[in-house]
Amino acid sequence: MSLRENFLIISPSWIGDLIISQSVLKYLKKEYINCSIDIIVRPDLIEIAKMMPEVNKIYSLDIDHNSLGLAKRYRLAKTIKKNLYTSSIILPNSFKSAIIPWLANIPIR
């Protein structure tokens, strides 16, 4: 891997799952000391994500749970693509969650 890893995390949609997922962020910071970790969360989880010292930047994605929201995902992916992430960790096991890293051409997903 490169000297500085640049991770994008696709977070779970629920508060408890987001809190539990912090262990992944801690592991990444331990293994890749100089890494950068950014995260995508639902708007109602932004305050929780702000309490995670491992997180550098927080992106908000406001899409109803039952909606694909492809236009919103595309716009966010276009913004995210500029950050040249080296890896994305997609915590929810869903097709919808994998769309943004794919559209942003993140090489490792």
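The values are calculated or read from the model by the stated rules, or taken from the named source; none is laboratory data. Bear in mind that the values here come from a model prediction, so they are computed numbers and not experimental data. Note that each Cβ is placed from the backbone with ideal geometry, even for glycine, and that neighbours are counted across all protein chains shown.
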Study note, to complete from the structure: Among (1) in a loop (DSSP other than H, G, I, E, B); (2) free of Cβ contacts under 8 Å to residues at least 40 places away in the same chain, Pro12 falls short only on (2)
Point to revise | Members of segment 61-95 that are surrounded by fewer than 17 Cβ atoms within 10 Å (Cβ to Cβ) and basic (Lys, Arg) | key: Lys72, Arg75, Lys78, Lys81, Lys82
Exercise for review: Within segment 86-109, track down each residue that is farther than 15 Å from Val41 by Cα, in contact (Cβ under 8 Å) with a residue 40 or more places away in the chain and part of a loop (DSSP other than H, G, I, E, B).
Suggested key: Thr86, Ala104, Ile106
Review point. Within segment 37-49, is even one residue modelled with pLDDT of 95 or more, part of a loop (DSSP other than H, G, I, E, B) and either out of contact with any helix residue (DSSP H, G or I) (no Cβ under 6 Å at 6 or more places or on another chain) or surrounded by 12 or more Cβ atoms within 10 Å (Cβ to Cβ) (or both)?
Key: yes
Exercise for review: Could you list, in sequence order, all residues of segment 67-109 that are basic (Lys, Arg) and in contact with a Leu (Cβ under 8 Å, 6 or more places away or on another chain)?
Suggested key: Lys72, Arg73, Lys78, Lys81, Lys96
Review point. Restricting the search to segment 1-48, which residues are within 24 Å of Ile63 (Cβ to Cβ) and of a type in the set (Asp, Glu)?
Key: Asp17, Asp38, Asp44, Glu47
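Every residue, every condition in (1) among the aliphatic types (A, V, I, L, M); (2) without any contact (Cβ under 8 Å) to a residue 12 or more places away in the chain, yes or no:
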| residue | (1), (2) |
| --- | --- |
| Lys30 | no, yes |
| Ile40 | yes, no |
| Lys50 | no, yes |
| Glu54 | no, no |
| Ile58 | yes, no |
| His65 | no, no |
